[in-house]
Amino acid sequence: MESLNRMAIELVDEALEFAEELNVGAYELENEATVLDFGLEFDGGIEAGLLCTEIQTAGLATPNRDLGTVGDASLPYVELSTDQPALSLLCSQKASWELATADFEALGSGPARALVAEETEFHSVGYTDAFDLTALALETSEQPTEAAAEQVADLAEVEPSGVFLLAYPTASIVGSVTNAARVAELATFNLAELGYDPLDIVSATGRAPVPPVPGDEETAIGRTNDAIAYGGSAHLVVREDFDGFDHIVSSAGEAHGTPFVEIFDDRDWSFEETEADLFGPATVTVDVIGGPTYVHGETNESVLVDSFDLS
């Protein structure tokens, strides 16, 4: 397999070339790392969100959009599909890089994770990347700092000048789009966490509504999780049958049915205290090649109407 980071950097070059058309910005830090502003000082947009998603998945997944409804409101939906779910979703898109320095904190996702390759997914898949340029998407409400770029460079073993940081808050158009595009990732991750070999997941597709952008990060975090847990649908094609497919969906969590803002409030916004079972798509269809097809879960439009404040 070609380097995930090489493929992602080709898409980063596209973002730099068409920054004005995408309503995004770019600038260099003093250490020559590049920051791409996908929603901090620039508006971004749905196309910017789709391109950011492609970068997060290293170009191995295809995101598309269409128009759907939630209640009586017309809303964009994002659909993402991939025939390389282990690499594109688990080894790249998964948001698990907790970037923290004295002056900056963010949750990172993207192919830079594959240059470090210390997470369980990389051992399961048997993949480690090597490249001299790298991209990491940062979900944050702050501008990335030199110290943040240095940390990425050190862990990824590249020069700071080879680091490209894509930054956006959850409360942004890009934040809404990229999070809606995580349905297939969460379905794939949940199945792997249950002990299923991720290399036996042949294809993954997910679809979810793009939440309206609120005025604060906490509401945005709640809405983006609600979009997946109560409005997200996943379809997996797998090689082997399994008796735990019903645990992929969000209804496996005891607090299912409650908006995430309330769930997080009850836990003082400690994500570690939030049951992992809640983070999954509302529905999943699992098609076993040469075997049965399973359907689990259900959407809950009323929770979405309340969460999205649709009148």
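Taking neighbour counts of Cβ atoms within 10 Å as a proxy for exposure, in what order, fewest first, do ARG239, ARG182 appear?
Details: ARG239 14, ARG182 28.
Lowest to highest Cβ neighbour count: ARG239, ARG182.
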Please report VAL303, VAL202, VAL238 as a ranked list, fewest other C-beta atoms within 10 angstrom at the top and most at the bottom. VAL202, VAL303, VAL238
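In segment 41-102, which chymotrypsin sites (Phe, Trp or Tyr not before Pro) fall in coil by DSSP and have 10 or fewer other Cβ atoms within 10 Å? Show your work: numbers first, answer last.
Details: sites: PHE42, TYR77, TRP97; in loops: PHE42.
Answer in residue order: no site qualifies.
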List LEU194, LEU22 from most exposed to least, where exposure is judged by having the fewest other Cβ atoms within 10 Å. LEU194, LEU22
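Would you please give the FRET efficiency between ASN64 and GLU30, computed as 1/(1 + (r/R0)^6) with r the Cβ-Cβ distance and R0 = 41 Å, to the nearest 0.05?
On the way: r = 39 Å, r/R0 = 0.94.
FRET efficiency, ASN64 to GLU30: 0.60.
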What does segment 4-307 give for Rg and for Dmax, in Å, if only its C-alpha atoms count? 18.2, 57
Please work out how much length the chain gains when fully extended from ALA276 to ASP154, using 0.36 nm per residue of separation minus the C-alpha to C-alpha distance, in nm with one decimal. 40.9 nm
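No lab work stands behind these numbers, since they all come straight from the coordinates. Predicted, not measured: the structure shown is a model, and the values here were computed from it. For neighbour counting, all protein chains shown are included, and Cβ atoms are generated from backbone atoms with ideal geometry for every residue, glycine included.
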